[in-house]
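Presented below is the structure to which this report refers.
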Amino acid sequence: MKKAVRKMIALTLAAGMVLSMTGCGGSKSASSNGGKVFNIYCWNEEFKSRVTDHYPGYEEVDATTGKIGDVTVKWNITPNQGSAYQDNLDQHLLNQEKAAADDKIDLFLIEADYALKYINSDYALPVKDLGIKDDELANQYKYTKDIVTDSKGVLKGVSWQGCPGVMIYNRDIAKDVFGTDDPETVQAKVKDWDTYNQTAKEVAAKGHFMTSSFVDPYRVFSNNVSGPWVQDGKIVVDKNIEQWINYSKEWVDEKATNVYDLWDGDTWGKGFYPEGNVFCYFGPAWFIDFCMAADDEASIAHQGGWAACEGPQGFYWGGTWICGCKGTDNADLVADIMRKLTTDKDIMTEIVNADNDFVNNKPAMEALAADPDYQNTVLGGQNPLPMFCAGAEKIDLSNLSPYDQGCNEKLQEAMKNYLNGNGSLEESMDLFYKAVEEMYPEVTH
């Protein structure tokens, strides 16, 4: 059933068609209200925490339920890995027309790697149909709107966050290897990939790992490719991706990194603690806030032991966009959540101060970037916001495609096979091509 659902949606989008939901609401549905249950589909607790902590009037009932006024909020959370979230969302979207009123999806979340799949369908409501006007979104970063604008130029989602990335490094290891943890000094040691590679050898020679896994720098390479993953129906491995593969082999052979899976807390996540002995990770503000175990007293983050610099190249990673679902009977509530969390400067400033997130509001971020009192506790009091502000303006989405998540994940799986010595590079690439073609039947290589 999962493959059938994915194939149905993929083929529909590939044909340039709009997924029709005749009788599922249309403009009437977009303006109707009064539903008793508000169903939200997402893949982790991040958005839930933003609503719970910052949306006025939200009351938490339990881990999966809340209240906004007389409306019951239901959280349907499915992990993102292996397309599990998309499979679950797709199945419920296909049943949206027949679903009982209390079971209909009202709001769902998407991220950059597969945004186009939903934005170029009819399931995501145009933001203007929810009554939100262009001038209300004027302070948002342009790329955050570009990514959720469909092929006809219609905006179909909004985000509270921006996701420019930085290199996050371990201050103690920097002092041990370079004699200082000063960001400008460390940046000079990683200013480009040739310099980064020399530094990786230097770090390894002192008994540390440059990164926890070969996957850690991947987004820096994949964000700087010259073309999309799929061109004219064929899978294209960019030269920048090939460079990452070659570097990964060097890093593993030099014991400067490990062959760990991203998000594995027992292996990859060891680097968040002193005994993990990892020099750096790559990520945006949400990574610093949400992933580095700052709540654990034993973690480096809790002790303020990280710092940040730009790294070898600019990049972005992820981001979460809020979409109203066609068929919702709570359109006004969808619109209000969008307005409060993505356009209200005071609430967005509150999110930065409370959660160290980088929010999608230029005036708020520029003010905090210039504020001498703003400090990121995970980064030992450093203010990384000037770097994030500059990076957000440079993000280029011209090579985004609906196939990014599948291609990225399957390539990393294939390279793990190669780096673990379970197959040659050619054999591992064949595994990659087969896996992608199975996931997306409309593409070949």
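Points worth noting:
- Gyration tensor over alpha-carbon atoms, the range 294-445, equivalent ellipsoid semi-axes in Å: 36, 26, 15
- Computed over the Cα atoms of the range 368-431, pair by distinct pair, the Kirkwood hydrodynamic radius stands at 15.5 angstrom.
- Free of any GluC sites (Glu not before Pro) that DSSP assigns to a loop and that have at most 16 other C-beta atoms within 10 Å, the longest stretch within the chain is 98-253.
- Dimensions (Å) - the range 311-378, Cα atoms, principal axes, largest first: 45, 29, 21
- Scanning the chain for long hydrophobic helices, with DSSP H runs required to stretch 27 angstrom or more by C-alpha along their axis and to average at least -1.0 on the Kyte-Doolittle scale, returns nothing.
- The Cα atoms of the range 166-315 cover 51, 30, 27 Å along the three principal axes, with the biggest extent listed first.
- Förster-model FRET efficiency, 35 Å R0, D146 and A100, C-beta, rounded to 0.05: 0.45
- When the P(r) is computed for the range 72-142, the part past 16 Å accounts for 60% of the Cα-Cα pairs.
- Within the range 137-190, trypsin sites (Lys or Arg not before Pro) in DSSP loop having at most 14 other beta-carbon neighbours inside 10 Å: K152
- Taking the range 131-181 and dividing mean pair separation by its residue count, relative contact order in percent (alpha carbons under 8 Å, at least six apart): 20
- Label-point separation in nm, E427 to T65, each point 7 Å along Cα→Cβ: 5.3
- Computed from the Cα positions only, the extents of the chain along the three principal axes stand at 65, 53, 37 Å, in decreasing order.
- Note on K206: aspartates and glutamates with a C-alpha under 13 Å away, same-chain residues under 8 apart excluded, are D172, D176, E254.
- Around the Cα centre of the range 58-125, unit charges on the Cβ atoms of Lys, Arg, Asp and Glu (plus for the first two, minus for the last two) sum to a dipole of about 120 debye.
- Sequence-separation-based contact order of the range 166-315, relative, with Cα cut under 8 Å and 6+ spacing, percent: 41
- Taking the Cα centre of the range 37-94 as origin and assigning +1 to Lys and Arg Cβ atoms and -1 to Asp and Glu Cβ atoms, the resulting dipole is close to 80 debye.
- Short-range pairs are left out: with C-alpha atoms under 8 Å and at least six residues apart, the relative contact order of the chain is 24 percent.
- Since only Q140, G265, V177 are under comparison, the one whose Cα sits farthest along the positive direction of the charge dipole of the chain, derived from C-beta charges on Lys, Arg, Asp and Glu, is Q140.
- Placing +1 on each Lys and Arg Cβ and -1 on each Asp and Glu Cβ, with no other charges, gives the range 197-330 a dipole about its Cα centre of roughly 400 debye.
FYI, it's all coordinate maths here, none of it is from the lab. Computed from a prediction, not measured in an experiment: that's the story for all the values here. No Cβ is skipped: glycine too gets one built from the backbone with ideal geometry, and neighbour counts run over all protein chains shown.
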